[in-house]
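Written out below as structure tokens is the structure these notes cover.
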């Protein structure tokens, strides 16, 4: 009987470990995809952009795998309280990472379009913004694997910097468009690229909140939202 | 013993019914919020826009309620196969509706900004696009409540029309911006409004896919994606 219990406990831990591994791989792929998409954008490399679009399927497949495993763990082991909270969090995090992958894919699609348009100068701010969100994803997944609520919360606080980047890029692009109406189309695509990165930062933040809740059972209190481009009014 | 089983079954059905009710209320609120946000946009009513932003909290609260109830059902009743699939679907649908609520809130924020800028003509295409996505949400939630896989699939096919709206609005706005560079800022906000509605259509579609899977256990095969603005190249 004692053996049976030990066996059950061990298998549950193994299941959870496997689920964590899938989530980590998803996170790693998201980091690679964002980096590759932005690299394709800056180097105007259509083939590389196409590869990013193609590779998104791997993230989608891992999400389906994570969900199926989570459902199997729940059905077979009927986990309680803390364990169930962690599995539900894992399932939600997999969903968020899948969406982050979609944003990377969308950046890659726009990179293909932008490669065919004349280069525009505000593109130079994008790689630094991308590095900021990639680091957020890396750290928030480390926090998930290590069950580190302090790190999870710290990541959520870094979203402000991404929002600052976005606000600054948004303003630069508007000015650039007004001064160069012939570049409105590529500028618009770059605006959506910036918005995608800003949304990735939001999603990394919400993963941080999910990790914090899974580990502590407590929600992080309301974070401030500093993408102010939908409320500021420096209109022409 | 027979009584006990009947009692358990009845309670489980009641739990599921309660979960479905919460999801339906979320869907109803999303419809109202999208309609109200677009109405505020067209009538340039800042107070109405502010109310939409405020009311988004009600959707967030319902999502938390749905998730807590789903976790409680899983923990207390250890549902199997089909039942578990439905509860997981309900939890995911609640998450998607929460994001749809966020898009409505973002439209409302931009409505406030746009109310302070000179009116621009392409705004007239927005309400019809909004009606299309509102109808999708309504029908996909009906499909969820009635466990109607046929209706769920039919809704996913209507996303094409929303994408057509978006593509047409995207092109009109670019042309409008090039001809009227002094209106670039409001046009950009309207571009994001259109993108939000297009994303709502995507989300309603993914709810349709979740409902289809929850009811039948089968995934709908790949749907075509017809937002082509990130790949078309009618650049200046």
Next on the checklist: One residue is enough: does the stretch A:113-133 have a residue meeting the conditions crowded, with 23+ Cβ neighbours inside 10 Å and under 16 Å from residue A:26 (Cα atoms)?
Outcome noted: yes
Checklist entry - Considering the stretch B:164-188 alone, what residues qualify as being in contact (Cβ under 8 Å) with a residue 60 or more places away in the chain and under 22 Å from the mean Cα position of the chain (by Cα)? => result B:164, B:166, B:167
Next on the checklist: Residue under question is residue B:199, and the condition is that it be within 13 Å of another protein chain (Cβ to nearest Cβ), out of contact with any helix residue (DSSP H, G or I) (no Cβ under 9 Å at 6 or more places or on another chain) and touching a residue at least 12 places away in the same chain (Cβ under 8 Å); does it hold?
Outcome noted: no
Item to check | Any hit, the stretch A:170-193, residues being away from every other protein chain (no Cβ under 14 Å), touching a helix residue (DSSP H, G or I) at 6+ places or on another chain (Cβ under 9 Å), assigned to a helix (DSSP H, G or I) and buried (at least 18 other Cβ atoms within 10 Å of the Cβ) | outcome: no
Next on the checklist: With the requirement that a residue be buried (at least 20 other Cβ atoms within 10 Å of the Cβ) and under 14 Å from residue B:139 (Cα atoms), what does the stretch B:19-28 give you?
Outcome noted: B:23, B:26, B:27
Next on the checklist: Condition first: surrounded by fewer than 18 Cβ atoms within 10 Å (Cβ to Cβ) and more than 14 Å from residue B:18 (Cβ to Cβ). Now tell me which residues in the stretch B:56-84 satisfy that.
Outcome noted: B:57, B:58, B:60, B:61, B:64, B:75, B:78, B:80, B:81, B:82
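Restricting attention to the stretch A:33-52, which residues are within 16 Å of the chain's Cα centre (by Cα) and either surrounded by fewer than 17 Cβ atoms within 10 Å (Cβ to Cβ) or closer than 24 Å to residue A:22 by Cα (or both)? Can you show your working first?
To start, the set of residues in the stretch A:33-52 that are within 16 Å of the chain's Cα centre (by Cα) comprises A:33-38, A:52.
A:33, A:34, A:35, A:36, A:37, A:52, listed by residue number.
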Checklist entry - What number goes with the only condition from (1) under 29 Å from residue A:214 (Cα atoms); (2) buried (at least 17 other Cβ atoms within 10 Å of the Cβ); (3) touching a helix residue (DSSP H, G or I) at 6+ places or on another chain (Cβ under 6 Å) that residue A:16 does not pass? => result (3)
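Where a number appears in this text, it was derived from the coordinates with a stated rule and is not lab data. What you are looking at is a predicted structure, and each value in this text was computed from that prediction instead of being measured. Cβ sites come from the backbone with ideal geometry, for glycine too, and all protein chains shown count toward neighbours.
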